[in-house]
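What follows is a single structure, written as structure tokens, with notes after it.
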Amino acid sequence: MDKAPQPLSGIGLFGGTFDPVHIGHLRTALELKNALHLAEMRLVPSAHPPHRAQPEVSAEHRLAMLTCGVDAEPGLVVDERELRREGPSYTLDTLAEIRAEIGPDAPLCLCIGMDSLVNLNQWHRWQELVDYAHIVVAARPGWHLPKSGEVLEFVHRHRAHDVAELKATPTGKVLIVEMTLLPISATGIRQALQRGESIRYLVPDGVIDYINQNQLY
């Protein structure tokens, strides 16, 4: 007998500069939404990321491209709160805002990559992230955690081993989800555009049209 589908509940957050958004972003966000049985996955463009180079194009253009990119998929939603907020785009502030809006009981999942997890101790008040949400890490096959240090201790302290553990509590867990991530980068896309090369099939068609119409990159 087929198993009954799990009911959708909770919200996922998938942040980035999206400069520009590409199918690697969108496919990862959608697969995580489905794997975690979330009601929605919110893509959150950052205004002023404190730990990486500033975006090449304006927040207005990045938001417009992201909106074009998710237009055909109802499970993905654009959340522009970090673009409206002054100052650095601290993830903790975003989680606190959303937790206040959805209440204390709904599961909230902050979705990041393994590269972000390894450097999590460089984030603003990083150990408090699990007070507001679970952390879900998208990892390539063959992934490994740091061999030592405070991030490893943090993961061991909060580690979940399946999605059911995330459903049992609204916050506090770290789950690593192994998945095949598409080897596409926004940097590579920008470089291809600067060389005059096609980015077809790397970026949604609507985003390509927007880039061409606005002569971006």
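The values are calculated or read from the model by the stated rules, or taken from the named source; none is laboratory data. Bear in mind the structure is a predicted one, so any value in this text is a computation, not a measurement. With ideal geometry, Cβ positions are generated from the backbone for all residues, glycine too; neighbour counts draw on all protein chains shown. In case anyone asks, the SASA skips ligands and DNA or RNA and just uses the protein heavy atoms, side chains included. Shrake-Rupley method; radii C 1.70, N 1.55, O 1.52, S 1.80 Å.
Of the numbered criteria (1) surrounded by fewer than 17 Cβ atoms within 10 Å (Cβ to Cβ); (2) not in a loop (DSSP other than H, G, I, E, B), the one ILE135 fails is (1).
Note on region 153-185: residues that are in contact with a strand residue (DSSP E or B) (Cβ under 8 Å, 6 or more places away or on another chain), among the aliphatic types (A, V, I, L, M) and under 25 Å from THR17 (Cα atoms) amount to 6.
State the number of residues belonging to region 194-209 that are within 17 Å of PHE18 (Cβ to Cβ) and open to solvent by 40 Å² or more (accessible area, probe 1.4 Å).
3
The number of residues in region 146-156 that are in contact (Cβ under 8 Å) with a residue 24 or more places away in the chain and surrounded by 12 or more Cβ atoms within 10 Å (Cβ to Cβ) comes to 5.
Looking only at region 174-193, count every residue that is open to solvent by 60 Å² or more (accessible area, probe 1.4 Å) and free of Cβ contacts under 8 Å to residues at least 60 places away in the same chain and tell me the total.
Of the residues in that region, 4 qualify.
For region 163-204, how many residues are charged (D, E, K, R) and touching a helix residue (DSSP H, G or I) at 6+ places or on another chain (Cβ under 8 Å)? The total comes to 2. When we screen ASP105, ASP115 for residues that are open to solvent by 30 Å² or more (accessible area, probe 1.4 Å), assigned to a loop (DSSP other than H, G, I, E, B) and either at pLDDT 95 or above or charged (D, E, K, R) (or both), the only hit is ASP105. Criterion applied to THR94, THR67 was being surrounded by 21 or more Cβ atoms within 10 Å (Cβ to Cβ) and modelled with pLDDT of 95 or more, and the one residue passing it is THR94.
Only residues that are open to solvent by less than 10 Å² (accessible area, probe 1.4 Å) and touching a helix residue (DSSP H, G or I) at 6+ places or on another chain (Cβ under 7 Å) were counted in region 30-45, giving 5. Here region 143-185 is the region considered, the condition is being in contact with a His (Cβ under 6 Å, 6 or more places away or on another chain) and not in a loop (DSSP other than H, G, I, E, B), and the residue that is farthest from GLU56 (Cα to Cα) is LEU166. Looking at the structure I just gave you, is GLN215 farther than 21 Å from PHE14 by Cα and either open to solvent by 60 Å² or more (accessible area, probe 1.4 Å) or touching a residue at least 60 places away in the same chain (Cβ under 8 Å) (or both)? Considered against the rule, which asks whether it is farther than 21 Å from PHE14 by Cα and either open to solvent by 60 Å² or more (accessible area, probe 1.4 Å) or touching a residue at least 60 places away in the same chain (Cβ under 8 Å) (or both), GLN215 comes out as yes.
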